[in-house]
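In what follows, a structure is listed as structure tokens, so that the remarks can point back to it.
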Amino acid sequence: MLSILIPTYNYDISRLVKEIHAQISELSIPFEICCYDDASTNKSVVETNQSIHNLPHTSYTVFTKNMGRSAIRNLLAQNAKFDWLLFLDADVLPKNNDFISKYLEAITEKTEVIYGGILYVEEKPNQSHLLRWVYGNEREALSTVNRNKNVYLSFLTLNFLIKKSVFSKVAFNENIPNLRHEDTLFSHNLKLADIEVTHIENPTYHLGLEESSHFLEKSLESVDALYLFLKQGLIPKDYTKITRVFFKLKPFGLHYVLALMYTIFEAYFKRNLLSKKPSLFIFDLCRLSYLCKLYTK
């Protein structure tokens with residue numbers, strides 16, 4: 001019936017697996033929980049995760065060579081026993097104790113993909129982790145109503161159910177560098193294949209808040225990924241907000257102005273985004289001007 005697939009890297013997933021296992025064990029359905037560790041370097045985390053082996057129908061496999069986020073997810077799907085695949089990121093935790101049953105109840109004859117959503121804890125973190133929390137609450141923790149306004153672009157791969165036969169058509173692209181934005185490319189491939197994404201209220205909390213400096217670095221890496229996708233024709237110019245704005249500015253040569261702005265104001269951008277009051281306007285401007293700089297190299 002259900003294969004629950006959890007890729008991890010240097011993260012303690014024992015709490016998540018135990019919670020999921022407890023929920024699904026009450027439902028009396030065939031299941032497996034498969035956890036693939038992508039060559040974690042933190043040995044104490046690996047040791048803690050070994051406790052997963054004690055749970056029935058659950059496995060924890062540690063790889064010796066890092067294969068990247070896309071490849072390890074594809075391998076999990078390829079090796080899954082059952083027709084339905086529930087992908088969960090390592091750093092999530094279901095909000096409700098009927099998380100599994102809600103997904104199962106949402107399946108119909110026409111169901112192909114279901115996305116349950118994401119939440120962030122209400123308690124404000126300290127300054128060193130604030131940017132990720134602000135961004136997550138404003139841009140990712142969307143209600144079903146808001147997600148349905150842009151069904152594909154609001155889809156994230158940290159908590160979703162997909163039919164195995166459907167996944168085989170749109171598997172994660174392993175030919176792109178490990179630069180982020182695999183969610184964007186995956187959602188676009190779903191759209192291209194005319195695969196319906198159903199949005200429901202069945203969220204997980206995203207617990208793994210990176211430090212603001214690390215999140216900012218990853219966000220600029222994601223712009224590198226968008227630049228690559230555009231150059232290779234993997235996504236259309238208007239698929240994301242940042243690329244849509246860029247291609248409205250480019251015909252007027254304004255991207256040169258913004259590229260210069262990034263060079264001049266890079267330090268200011270970073271000061272604001274690592275401060276006690278990070279501005280998402282500055283965050284967007286930073287990423288847009290960085291994309292402009294990439295196009296003027």
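What follows is calculated from the coordinates using simple rules that are stated; it is not laboratory data. Note that the coordinates shown come from a computational prediction; the quantities given were computed from them, not determined experimentally. No Cβ is skipped: glycine too gets one built from the backbone with ideal geometry, and neighbour counts run over all protein chains shown.
What the table below lists for this structure:
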{"quantity": "Most mobile listed residue (Phe63, Phe283, Phe186) in the chain, GNM with C-alpha springs under 10 Å", "calculated": "Phe63"}
{"quantity": "Hz values of 3J(HN,Hα) by residue in the stretch 163-176 - Karplus curve (6.51, -1.76, 1.60), Gly and Pro given as x", "calculated": "5, 4, 5, 6, 4, 4, 7, 10, 2, 4, 6, 8, 8, 8"}
{"quantity": "Coil-residue trypsin sites (Lys or Arg not before Pro) of the stretch 34-74, DSSP, other Cβ within 10 Å capped at 12", "calculated": "Lys65"}
{"quantity": "Full-extension gain in nm, Ala39 to Glu266, via 0.36 nm per residue minus C-alpha separation", "calculated": "78.3 nm"}
{"quantity": "Where Cα atoms sit under 19 Å apart: lysine pairs in the stretch 2-210 separated by 8 or more or lying on different chains", "calculated": "18"}
{"quantity": "Rg in Å to one decimal, and Dmax rounded to a whole Å, for the chain via C-alpha atoms", "calculated": "19.7, 62"}
{"quantity": "The chain - share of DSSP beta bridges that are antiparallel (%, nearest 5)", "calculated": "35 percent"}
{"quantity": "Selection from Leu76, His206, Ser44, by position along the positive dipole direction of the stretch 2-210 (Cβ)", "calculated": "Leu76"}
{"quantity": "Whole-angstrom Cα spans of the stretch 236-295 along principal axes, big to small", "calculated": "35, 23, 15"}
{"quantity": "Simple Cβ-charge dipole of the stretch 236-295, Lys/Arg +1 and Asp/Glu -1, about Cα centre, in debye nearest 20", "calculated": "140 debye"}
{"quantity": "Nearest-20 debye value, the chain charge dipole, Cβ charges on Lys, Arg, Asp, Glu", "calculated": "1180 debye"}
{"quantity": "Phe281/Ala22 FRET efficiency (R0 41 Å; Cβ-Cβ; nearest 0.05)", "calculated": "0.45"}
{"quantity": "Set of lysines near Lys270 by C-alpha distance (under 18 Å), chain-local residues within fewer than 8 positions excluded", "calculated": "Lys218, Lys293"}
{"quantity": "Ordering of 32-39, 108-115 by packing [mean C-beta count within 10 Å, highest first]", "calculated": "32-39, 108-115"}
{"quantity": "Sites Ser143 and Glu47, calculated FRET efficiency, Cβ-Cβ separation with R0 30 Å, nearest 0.05", "calculated": "0.15"}
{"quantity": "Residue among Val121, Val17, Val197 with the largest mean-square fluctuation in a Gaussian network model of the chain, springs linking Cα atoms under 10 Å", "calculated": "Val121"}
{"quantity": "Relative contact order (%) - criterion: Cα under 8 Å, at least six apart; region: the chain", "calculated": "19 percent"}
{"quantity": "In nm, spacing of pseudo-spin labels at Lys237 and Lys65 (7 Å Cα→C-beta vector)", "calculated": "4.1 nm"}
{"quantity": "Sequence-distant residues sharing a close amide H with Ile33 (under 5 Å, placed H)", "calculated": "Ile4, Thr58, Ser59"}
